[in-house]
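The values are calculated or read from the model by the stated rules, or taken from the named source; none is laboratory data. Not measured: the values here are computed from a predicted model. Every residue, glycine among them, receives a Cβ derived from its backbone with ideal geometry; neighbour counts consider all protein chains shown. SASA here: full protein model, heavy atoms, side chains in, ligands and nucleic acids out. Shrake-Rupley method; radii C 1.70, N 1.55, O 1.52, S 1.80 Å.
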Amino acid sequence: LLLTTTAVMGAMARAYLSWQRGDDNPHPSWTLAFVFWTAIAGGILLKGPLILMFVVTTVGTLAVLDRSSAWLWRLRPVWGLMWTLVLVLPWFIAIFLKAGDTFFANSLGADMLSKVASPQESHGAPPGLYFVLFWVTFWPGAAMAGMATPAIWRARREPGAQFLLAWLLPAWIIFELVITKLPHYVLPLYPAIAILIVGALERKVLSRSAWIVRGSAWWFVLPLIITVASIIGAIALLRQPEFLAWPFAAGALIFGLFAWWMYDDTHAERSLLNAIGASWFMAACIYGVVVPSLAPLFPSVQIARALRSVECVGPAAAAAGFQEPSLVFMVGTSTVLTNGSGAADFLLQGSCRFALVEWREERAFAQRAEAIGLRYNAGTRIDGYNFSQGRAISVAIFRSEGTE
């Protein structure tokens, strides 16, 4: 969605800015129109109509500010709509033939629209969350965003800045008002922020206000907080020193410190490059060392590893209680998703079968097994943490009798 949205906005920006410059070419480029409408079709196929929200809010804002939307004709909307339908209709027709209108009702109603008014999957949050998360998720560019904001505001009526702000602000407000929130929802808006920052950086108009410049300390503070907290957390959870992560944490702190100490508004690129270096070391520390060592956070990986070690041919599995998509991805798409009773019935149907029963379903599994006379063997127990639901889990792997 980030890719398709950026392509859509790139084509829109070229059409809009050529109109602002007064370029009255009677034969506007077909390339822009092709990129624009193909990217819209790709966005719809990837994530439904969400990409249209970015287009509508941007066009609507610019139409109000300019009191005109004549530039849209440069994107050849009649032919473009036809091309978009050519790309998306075969997929929608195939879905309708397979599942009727159930898929569309669930995706548009139960999934998309319900997120507006109520929290879905325990991800509800008040307005303002994305603004708070921005200072972490857009780091190290976030520190420079604060320094660039005054200049961006002064340039808000320039065509380029106006387009970028029309892309960014209305959609951001909508995301803040929607009840269901996840950090990556605003990712398609980040390119607009990045371009605005680079514009201020290139013109050397970053703020010189002391209280804003002090924000450069964030280049050092964030690696300090994140790396130290991740290492301490890993030590507390695993009871191991995690020595391999320490050099990477040190590298992140050193580069972050250089970025902070060396900052001045005339050589801001130098500090930003050091901050990017800090981000590489921080990523290696967290994603390369700490996270892979936290096996309890990835129970699906442990379960899949346990099933791969079996000696029988063509193992089949049923999951009760723990049914994350990652489990199906790791164990196989033939995995049966059921409850404790259903897992017992599944084991009864043959050999080389495994029931993955979360402890909350074990009682139902045992009662059903006794009722149907199921003979089974207890295997490995996987203890972990389901971070998508925020709770500890314990999954027992039961085997049909005689299965090794």
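Overview of results
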{"quantity": "Enumeration of residues in segment 267-280 that are touching a residue at least 40 places away in the same chain (Cβ under 8 Å) and either open to solvent by less than 20 Å² (accessible area, probe 1.4 Å) or not aliphatic (A, V, I, L, M) (or both)", "calculated": "Ala268, Glu269, Ser271, Asn274, Ala275, Ala278, Ser279"}
{"quantity": "Near pairs, Cβ below 6 angstrom, 6+ apart or cross-chain, from segment 14-42 (outside the structural domain of Asp66 (by the TED database) and modelled with pLDDT of 90 or more) to any residue that is open to solvent by 50 Å² or more (accessible area, probe 1.4 Å) and of a type in the set (Lys, Arg)", "calculated": "none"}
{"quantity": "Pick from segment 93-136, criterion charged (D, E, K, R) and open to solvent by 90 Å² or more (accessible area, probe 1.4 Å), ranking: modelled with the highest pLDDT", "calculated": "Lys98"}
{"quantity": "Hey, Arg239 modelled with pLDDT under 95, open to solvent by 50 Å² or more (accessible area, probe 1.4 Å), on the phi < 0 side of the Ramachandran plot and of a type in the set (D, E, K, R) or not", "calculated": "no"}
{"quantity": "Tabulated pairs, segment 366-383, first closer than 16 Å to Ile397 by Cβ, second among the charged types (D, E, K, R) and in a strand (DSSP E or B), C-beta under 7 angstrom, 6+ apart or interchain", "calculated": "Tyr376/Arg399; Asn377/Arg399; Gly379/Arg399"}
{"quantity": "Helices (runs of 4 or more DSSP H) enclosed by segment 4-103 - at least 2 residues per element that are over 25 Å from Pro191 (Cα atoms)", "calculated": "77-99"}
{"quantity": "Residue that is modelled with the lowest pLDDT, among those in segment 252-266 that are farther than 11 Å from Phe220 by Cα and surrounded by 14 or more Cβ atoms within 10 Å (Cβ to Cβ)", "calculated": "Asp265"}
{"quantity": "Test result for Arg381, open to solvent by 80 Å² or more (accessible area, probe 1.4 Å), over 25 Å from Ser326 (Cβ atoms) and modelled with pLDDT of 85 or more", "calculated": "no"}
{"quantity": "Residue that is least open to solvent (accessible area, probe 1.4 Å) [pool: residues in segment 50-68 that are more than 14 Å from Phe36 (Cα to Cα) and among the hydrophobic types (A, V, I, L, M, F, W, C)]", "calculated": "Leu62"}
{"quantity": "Filter result for the condition that a residue is assigned to a helix (DSSP H, G or I), surrounded by 20 or more Cβ atoms within 10 Å (Cβ to Cβ) and aliphatic (A, V, I, L, M), over Ala229, Ala217, Ala171, Ala194", "calculated": "Ala171"}
